[in-house]
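*Asks:* Pasting a structure below so you can have a look.
The values are calculated or read from the model by the stated rules, or taken from the named source; none is laboratory data. What you see is a predicted model, and the numbers here were worked out from it, not measured in a lab. Using ideal geometry, Cβ is built from the backbone for each residue, glycine included, and neighbour counts are taken over all protein chains shown. These accessible areas exclude ligands, DNA and RNA; they are computed on the full protein's heavy atoms, side chains included. Shrake-Rupley method; radii C 1.70, N 1.55, O 1.52, S 1.80 Å.
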Amino acid sequence: MVDKYVYLFSEGDGSMRELLGGKGANLAEMVRMGMPVPQGFTVTTEACTRYYDDGKVIGDDILAQIEEYLTKIEAINHKAFGDPANPLLVSVRSGARASMPGMMDTILNLGLNDDVAAGMIAGNPDPAFERFVYDSYRRFIQMFSDVVMELSKKRFEEIIDELKEKKGVKDDIELDAADMKNLVALFKAFYKKEKGVDFPADPKVQLLEAVKAVFRSWDNPRANVYRRMNEIPYSWGTAVNVQPMVYGNLNNNSGTGVAFTRDPATGEKALFGEYLINAQGEDVVAGVRTPSKIAQLEQDMPEVYAQFVAIANKLENHYRDMQDMEFTIENKTLYMLQTRNGKRTAAAALRIAVDLVREGMITEDEAVSRVEPQQLDALLHPQFDAKALKASQPIGQGLAASPGAACGRVVFTAAEAKAWADNGEKVILVRLETSPDDIEGMAVAQGILTVRGGMTSHAAVVARGMGTCCVSGCGEITMHAANKYFNLGGKDYKEGDYISLDGSTGKIYGEAVPTVEASISGDFEVFMAWADARRTLKVRTNADNPRDTAQAVKFGAEGIGLCRTEHMFFEGERIKSMRKMIVAKDVEARKAALAELLPYQQGDFTAMYEALEGRPMTVRFLDPPLHEFLPQKEEEIAEIAGELGITAKELQEKVESLHEFNPMMGHRGCRLAVSYPEIAEMQTTAVINAALAVNAAHPDYNIVPEIMIPLVGEIKELKYVKDIVTKTADALIAASGKELHYKVGTMIEIPRAALLADEIAQEAEFFSFGTNDLTQMTFGFSRDDAGAFLDAYYNAKIYENDPFARLDQNGVGKLVQMAVENGRKTRPDIKLGICGEHGGDPSSVKFCHKIGLDYVSCSPFRVPIARLAAAQAAIAGKK
């Protein structure tokens, strides 16, 4: 049996998205519903896959089917392709099964050539019709040259501008039929000059080149980036829709427009859209003429308007969702060219979901499943003003490390950020890469931009925790921090210049783009209550201070899954005591320095337990290598040595002694506690004393501290540190005369620990999967350096996603699942969670639900996203 690669619209239906793509399936469904759709055909996604499998060639069998179906639509439409007396002209559009901005632009009026144009005009000698024909022809040459043959779109616009200047006119509509005919000749001459051959006159050659261009666009850089961001597999491919042209630019009884069944910005239940009289589809979005509101159509063409309203209502009721529709009116006859579930803002998404439930159109389960978890970001962070953004051009692109929009003046150090902010200025902190020393500047900045670092770099992790916009890893920047400027896109940006960052897309703008504050509506509370009622996975937060803790609780966090204690040591006097501890020459000096740190650490834990109001907190003991707390520059070493009461030479020697070739796999985590047990003693004292104090003040809280030993790879290692913890904790509890239960567990972040989880569970009362390090060590990538070469892997289709942003379920996920199963065999009541940055990624959250974790933990501003993703996983699991 011959494989079928082409379908008439009348042969398909809405259930065939995988084969026909979203656009093709919806056109087929509208035909099935008896709507006025110009009858065309769809070349399937399987044909696209074959095109790539066959070495970017369209197979003879597919070509034969395209030819056969072209004949069929000629018969249906009573027109012939390339016939000057009665020509069939078509549009060619791409259509993947998921909406894909950045795919190939539409080509209109395909099938035109000199003979067809002359034949059309011969049948209608009206000068206005002649202008219409040559206008359509020049548009086709321009679109085909740009979209299919990749010639400069800008050059075509310049040719039009040159002609207008010569004629002394301002607008395209002031050009007459002779001018349009002249443009056709000028465009063809430009094409021949650039390509060395004549513009293709054979309509069948035009069609096949357009189909190939749609298939090629599936693999263009824009499409690849969009697929990575939205988890769309490369293997899906795109379909091609070929549809007879209908003309909105035929005369003043014709027009074209776009409409939504509800307002896509607010969600209000009212027809929303606009149209243009005597225009083609591209004119509505091009902004050359000001469109009329859709309501005006009732005055212009009342019968057409009434028909359109009836169709819009029928489509929304059929799809049970807000529809985005494209239509054309040709001589007072309405044609529907597309319908799809409309893109909408986050606020509109929530309102529409809640309203559709109230209207009895969908269930609460369906409402919860329909809102994209990432969309909630827009409700929690500032966004750019839409009009201002439309008028701005990005100057560069980095990684979308922490969402939201930020606008401010460029500064290059944390100290400058603080000084400028103290003077009331909004700043963007631009760094080669950030370090824990920069925390004060990061806290006051509107946004953070780094040249190096990936999605789990210091800048990215800290910014997400603070809810601050961050674009990381923009390697195109040339930094001159010492001279207070950087270069991007061929232009210098100096200290004090305005730039703007979009942390949701990674785009950088070389100007001040105004932002609008985030706002949460009443629909948010209703919607999230539905989500919470459905999920079984708990959602905690990663927080290291009372401020972030309170923010996360406000967003619905059910506890802290990761408190990174090292972040508490960088402020003010604390860093000085920490450095004293590091340079101490003996245990007594080290203990004296730790005693200075104890009240700070205990005070933070107390404030965080207070903010949590009885919710649990997992405290990770000191994790990073000690060199991170010491100065690295010569002038800083001299200054800090004086503060510590030692010579600059002694401090320099200490810094050098702590140098490691691979510090992320060096003397850190539980290895520090094995070398310096007094660190674990101090931290245990701080946790237990804080819990005792808060329980005494609030007996109903019943706090059960969770102490987490990081970077364990061996059961004896864990037991050694656990013994220090339990000896210290038990003595404190006994001395208090109170009862306090506590748990000691570990972070599974080394592959060996995942493989030996059954043994480690003999000592660990809980596991928390640190998937940042587990990913790093499983892949053998440095998470801070991998960004430099991962693009080559994406382009070669070796990887489709950044494994630090989206959990690698095949490799790292297999280790996690193995550790879950083996840990539970040893200790059935073991508590299992994940606290890497993957805890806020929706696809990773769904994986965590599937393998039976108890909770996920993520940065405060990702808590609502994780709550929604967990609910969607539970609903999908039921099905």
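*Asks:* So Glu194 clears everything in (1) under 30 Å from Ala792 (Cβ atoms); (2) in a helix (DSSP H, G or I) except one condition, right? Which one?
*Replies:* Glu194 satisfies all of (1) under 30 Å from Ala792 (Cβ atoms); (2) in a helix (DSSP H, G or I) except (1).
*Asks:* For the structure I just gave you, tell me whether Ser10 is in a loop (DSSP other than H, G, I, E, B), open to solvent by 30 Å² or more (accessible area, probe 1.4 Å) and of a type in the set (Ser, Thr, Tyr).
*Replies:* Spelling it out, it is not the case that Ser10 is in a loop (DSSP other than H, G, I, E, B), open to solvent by 30 Å² or more (accessible area, probe 1.4 Å) and of a type in the set (Ser, Thr, Tyr).
*Asks:* Considering only region 184-213, state which residues are open to solvent by 20 Å² or more (accessible area, probe 1.4 Å) and small (Gly, Ala, Ser).
*Replies:* Answer for region 184-213, where residues must be open to solvent by 20 Å² or more (accessible area, probe 1.4 Å) and small (Gly, Ala, Ser): Ala185, Ala189, Gly196, Ala201.
*Asks:* For region 511-520, give me each residue that is open to solvent by less than 50 Å² (accessible area, probe 1.4 Å) and either farther than 17 Å from Ala388 by Cβ or touching a His at 6+ places or on another chain (Cβ under 7 Å) (or both).
*Replies:* Result: Ala518, single match.
*Asks:* Might you check whether a residue that is over 22 Å from Gln551 (Cβ atoms), more than 22 Å from the chain's Cα centre (by Cα) and of a type in the set (A, V, I, L, M, F, W, C) occurs anywhere in region 358-373?
*Replies:* Yes: region 358-373 contains one or more residues that are over 22 Å from Gln551 (Cβ atoms), more than 22 Å from the chain's Cα centre (by Cα) and of a type in the set (A, V, I, L, M, F, W, C).
*Asks:* Still on this structure: Tell me yes or no: at least one residue of region 132-148 is open to solvent by 50 Å² or more (accessible area, probe 1.4 Å) and at pLDDT below 95.
*Replies:* No.
*Asks:* While we're on this one: Restricting the search to region 214-239, which residues are at positive phi and either open to solvent by 10 Å² or more (accessible area, probe 1.4 Å) or acidic (Asp, Glu) (or both)?
*Replies:* Across region 214-239, the qualifying residue is only Glu231.
*Asks:* Let me ask something else about it. When you check Glu634 against the structure, is it modelled with pLDDT under 90 and of a type outside the set (Val, Ile, Thr), yes or no?
*Replies:* When the stated conditions are applied, Glu634 passes them.
*Asks:* Is region 801-809 home to any residue that is out of contact with any Pro (no Cβ under 6 Å at 6 or more places or on another chain), in a helix (DSSP H, G or I) and open to solvent by 20 Å² or more (accessible area, probe 1.4 Å)?
*Replies:* Start the filter on region 801-809 by keeping residues that are out of contact with any Pro (no Cβ under 6 Å at 6 or more places or on another chain), which leaves 801-809.
If we keep only those that are in a helix (DSSP H, G or I) as well, we get none.
No, region 801-809 contains no residue that is out of contact with any Pro (no Cβ under 6 Å at 6 or more places or on another chain), in a helix (DSSP H, G or I) and open to solvent by 20 Å² or more (accessible area, probe 1.4 Å).
*Asks:* Further, regarding this structure: Would you please name the residue that is farthest from Ala607 (Cα to Cα), looking only at residues in region 549-560 that are among the small types (Gly, Ala, Ser) and under 24 Å from the mean Cα position of the chain (by Cα)?
*Replies:* Step by step, filter region 549-560, then rank; the result is Gly556.
*Asks:* If you don't mind, another one. Considering only region 354-405, how many residues are in a helix (DSSP H, G or I) and open to solvent by 20 Å² or more (accessible area, probe 1.4 Å)?
*Replies:* Here the count works out to 17.
*Asks:* Name the one entry in Gly852, Gly823 that is part of a loop (DSSP other than H, G, I, E, B), at pLDDT 95 or above and over 23 Å from the mean Cα position of the chain (by Cα).
*Replies:* None of the other options fit; the residue is Gly852.
*Asks:* Determine if region 740-758 includes at least one residue that is crowded, with 21+ Cβ neighbours inside 10 Å, within 24 Å of Lys825 (Cβ to Cβ), aliphatic (A, V, I, L, M) and touching a Pro at 6+ places or on another chain (Cβ under 7 Å).
*Replies:* Within region 740-758 (the criterion being crowded, with 21+ Cβ neighbours inside 10 Å, within 24 Å of Lys825 (Cβ to Cβ), aliphatic (A, V, I, L, M) and touching a Pro at 6+ places or on another chain (Cβ under 7 Å)), the answer is yes, since at least one residue qualifies.
*Asks:* Could you go through region 440-462 and let me know if any residue there is outside any loop (DSSP other than H, G, I, E, B) and out of contact with any Ser or Thr (no Cβ under 9 Å at 6 or more places or on another chain). Can you show your working first?
*Replies:* Taking region 440-462 as the starting set, the residues that turn out to be outside any loop (DSSP other than H, G, I, E, B) are 440-444, 447-450, 458-462.
Among the residues that remain, those that are also out of contact with any Ser or Thr (no Cβ under 9 Å at 6 or more places or on another chain) are: 440, 444.
Within region 440-462, one or more residues are outside any loop (DSSP other than H, G, I, E, B) and out of contact with any Ser or Thr (no Cβ under 9 Å at 6 or more places or on another chain).
*Asks:* Still on this structure: Give me the pairs: first residue in region 462-488 and of a type in the set (Lys, Arg), second residue not in a helix (DSSP H, G or I), beta-carbon distance under 7 Å, and six or more apart or on different chains, which are they?
*Replies:* What qualifies is Arg464/Ser402; Arg464/Ser859; Lys484/Phe412; Lys484/Lys494; Lys484/Glu495.
*Asks:* Given the structure, is Val90 open to solvent by less than 30 Å² (accessible area, probe 1.4 Å), touching a Leu at 6+ places or on another chain (Cβ under 7 Å) and under 22 Å from Val133 (Cβ atoms)?
*Replies:* Here the answer is yes, as Val90 does meet what is asked.
*Asks:* Could you identify the single residue in Pro616, Pro599 that is in contact with a Gly (Cβ under 8 Å, 6 or more places away or on another chain), at pLDDT 95 or above and not β-branched (Val, Ile, Thr)? Outline the logic, then answer.
*Replies:* Working: Pro599 fails: in contact with a Gly (Cβ under 8 Å, 6 or more places away or on another chain).
On inspection, the qualifying residue turns out to be Pro616.
*Asks:* Another one. Select, from Met578, Met528, the only residue that is open to solvent by less than 30 Å² (accessible area, probe 1.4 Å), touching a Gly at 6+ places or on another chain (Cβ under 7 Å) and in a helix (DSSP H, G or I). Walk me through it before giving the result.
*Replies:* On the way: Met578 fails: touching a Gly at 6+ places or on another chain (Cβ under 7 Å).
On inspection, the qualifying residue turns out to be Met528.
*Asks:* Also: Go through (1) among the small types (Gly, Ala, Ser); (2) modelled with pLDDT of 95 or more; (3) not in a loop (DSSP other than H, G, I, E, B) one by one and return the number of the condition Ala788 breaks.
*Replies:* (2)
*Asks:* Suppose we filter Ala543, Ala607, Ala557 for residues that are aliphatic (A, V, I, L, M) and farther than 16 Å from Ala690 by Cβ; which single one remains? Lay out the reasoning, then the answer.
*Replies:* Working: Ala543 fails: farther than 16 Å from Ala690 by Cβ; Ala607 fails: farther than 16 Å from Ala690 by Cβ.
Of the residues listed, the single one that is aliphatic (A, V, I, L, M) and farther than 16 Å from Ala690 by Cβ is Ala557.
*Asks:* Pairs needed: first member in region 107-124, under 29 Å from Phe215 (Cβ atoms); second member anywhere, β-branched (Val, Ile, Thr) and in a strand (DSSP E or B); C-beta distance under 7 Å; at least 6 residues apart or different chains.
*Replies:* Going by the 7 Å Cβ cut-off, the qualifying pairs are Ile107/Val92; Leu110/Val90; Leu110/Val92; Gly111/Val90.
*Asks:* Something else about it: Go through Val205, Val211 for me and flag whichever is under 30 Å from Tyr5 (Cα atoms) and either in a loop (DSSP other than H, G, I, E, B) or touching a strand residue (DSSP E or B) at 6+ places or on another chain (Cβ under 8 Å) (or both). Show your work before the answer.
*Replies:* On the way: Val205 fails: either in a loop (DSSP other than H, G, I, E, B) or touching a strand residue (DSSP E or B) at 6+ places or on another chain (Cβ under 8 Å) (or both).
Being under 30 Å from Tyr5 (Cα atoms) and either in a loop (DSSP other than H, G, I, E, B) or touching a strand residue (DSSP E or B) at 6+ places or on another chain (Cβ under 8 Å) (or both) holds for just one of Val205, Val211, which is Val211.
*Asks:* Out of (1) touching a Phe, Trp or Tyr at 6+ places or on another chain (Cβ under 7 Å); (2) more than 30 Å from Ala550 (Cβ to Cβ), the odd one out for Ile439 is which?
*Replies:* (2)
*Asks:* So, one more: Let me confirm something: among Ala543, Ala529, Ala584, Ala550, which residue is free of Cβ contacts under 8 Å to residues at least 40 places away in the same chain and within 23 Å of Gly833 (Cα to Cα)?
*Replies:* Exactly one of Ala543, Ala529, Ala584, Ala550 is free of Cβ contacts under 8 Å to residues at least 40 places away in the same chain and within 23 Å of Gly833 (Cα to Cα), namely Ala529.
*Asks:* From the list Lys170, Lys164, Lys154, which residue is among the basic types (Lys, Arg) and assigned to a loop (DSSP other than H, G, I, E, B)?
*Replies:* Only one candidate passes the filter, namely Lys170.
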